[in-house]
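Enquirer: Quick one: structure below, then a few questions.
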Amino acid sequence: MKKTGFTPHTKNLVRGFTLIEIMVVVFIIGLLASIVTVSVNQSRMRGRDARRQADLDSIRTGIEMYANQNNGDYPGVAGATYTSAAWGTFATDLTGGANPIMPTVPDDPVAGRDYRFRTNAAGTQYEIDALLDVGTPADGGGCAGDHRFELGNNLLLLGC
């Protein structure tokens, strides 16, 4: 007699995944999701840093234009430090008057973090800076463990 491979014991057998197979699949999906999340967060931080650098470059352009129109004097009060939380006289100098240089002075994209601006006591040198999320500062400045992007003609005015 020829065997067909069918036995009475297998007729009600239900095929499916084992618990181990399901756990392996869930683990792999979780691992891939965490890798994607880390990658997206890094991209966001690099995007914010690129915006900070572009903001400081536009502020620097405004500062230089102001100095060209005002006999080499920089905006704000000489020797004062201004932050984007309270730009004060610095922003008024750049955005006010009959011919404003800038429509607005940009703020850091993250709440609670500030751009900073300072001139020396004579008002002849300046520095602007921003704290970056990742990487190292493009100008090689900054403080130990600090990732600052700095622009100006004296990068020692603000310190850490």
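The values are calculated or read from the model by the stated rules, or taken from the named source; none is laboratory data. These numbers come from a predicted model, not from an experiment. Here the Cβ is made from the backbone with ideal geometry for all residues, glycine too, and neighbour counts use every protein chain on show.
Here's the yes/no breakdown for (1) modelled with pLDDT under 95; (2) in contact with a Cys (Cβ under 6 Å, 6 or more places away or on another chain); (3) loosely packed, with under 12 Cβ neighbours inside 10 Å; (4) under 19 Å from Thr119 (Cβ atoms):
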{"residue": "Leu31", "(1), (2), (3), (4)": "yes, no, yes, no"}
{"residue": "Val38", "(1), (2), (3), (4)": "yes, no, yes, no"}
{"residue": "Ser43", "(1), (2), (3), (4)": "yes, no, yes, no"}
{"residue": "Arg46", "(1), (2), (3), (4)": "yes, no, no, no"}
{"residue": "Asn68", "(1), (2), (3), (4)": "yes, no, yes, yes"}
{"residue": "Trp87", "(1), (2), (3), (4)": "yes, no, no, yes"}
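Enquirer: Okay, next question. Out of the residues in segment 62-94 meeting the condition of being of a type in the set (Ser, Thr, Tyr) and in a helix (DSSP H, G or I), tell me which one is nearest to Val105 (Cα to Cα). First the steps, then the outcome.
Expert: First pass over segment 62-94, keeping only residues of a type in the set (Ser, Thr, Tyr): 66, 74, 81-84, 89, 92.
Add one more test, that the residue is in a helix (DSSP H, G or I), and what stays is 66, 89, 92.
On the way: Tyr66: 13, Thr89: 12, Thr92: 9 Å.
It comes out as Thr92.
Enquirer: I'd like to know if segment 103-118 contains one or more residues that are surrounded by 15 or more Cβ atoms within 10 Å (Cβ to Cβ), among the hydroxyl-bearing types (Ser, Thr, Tyr) and more than 23 Å from Leu156 (Cβ to Cβ).
Expert: Scanning segment 103-118, I find no residue that is surrounded by 15 or more Cβ atoms within 10 Å (Cβ to Cβ), among the hydroxyl-bearing types (Ser, Thr, Tyr) and more than 23 Å from Leu156 (Cβ to Cβ), so the answer is no.
Enquirer: Show the residue pairs meeting these rules: Cβ distance below 7 Å; 6+ apart or different chains; first residue within segment 82-99 and touching a residue at least 40 places away in the same chain (Cβ under 8 Å) and aliphatic (A, V, I, L, M); second residue outside any loop (DSSP other than H, G, I, E, B) and surrounded by fewer than 20 Cβ atoms within 10 Å (Cβ to Cβ).
Expert: none
Enquirer: Go through Ile20, Ile59 for me and flag whichever is part of a helix (DSSP H, G or I), modelled with pLDDT of 90 or more, among the β-branched types (Val, Ile, Thr) and within 30 Å of Asp129 (Cα to Cα).
Expert: None of the other options fit; the residue is Ile59.
Enquirer: Kindly check whether there is at least one residue in segment 40-54 that is among the β-branched types (Val, Ile, Thr) and over 21 Å from Ala130 (Cα atoms). First the steps, then the outcome.
Expert: Initially, segment 40-54 is screened for residues among the β-branched types (Val, Ile, Thr), giving 40.
Subset that is over 21 Å from Ala130 (Cα atoms): 40.
There is at least one residue in segment 40-54 that is among the β-branched types (Val, Ile, Thr) and over 21 Å from Ala130 (Cα atoms).
Enquirer: Report, by residue number, each residue of segment 12-63 that is touching a Phe, Trp or Tyr at 6+ places or on another chain (Cβ under 9 Å) and either free of Cβ contacts under 8 Å to residues at least 12 places away in the same chain or among the acidic types (Asp, Glu) (or both).
Expert: Val25, Asp49, Asp55 - these are the residues of segment 12-63 that are touching a Phe, Trp or Tyr at 6+ places or on another chain (Cβ under 9 Å) and either free of Cβ contacts under 8 Å to residues at least 12 places away in the same chain or among the acidic types (Asp, Glu) (or both).
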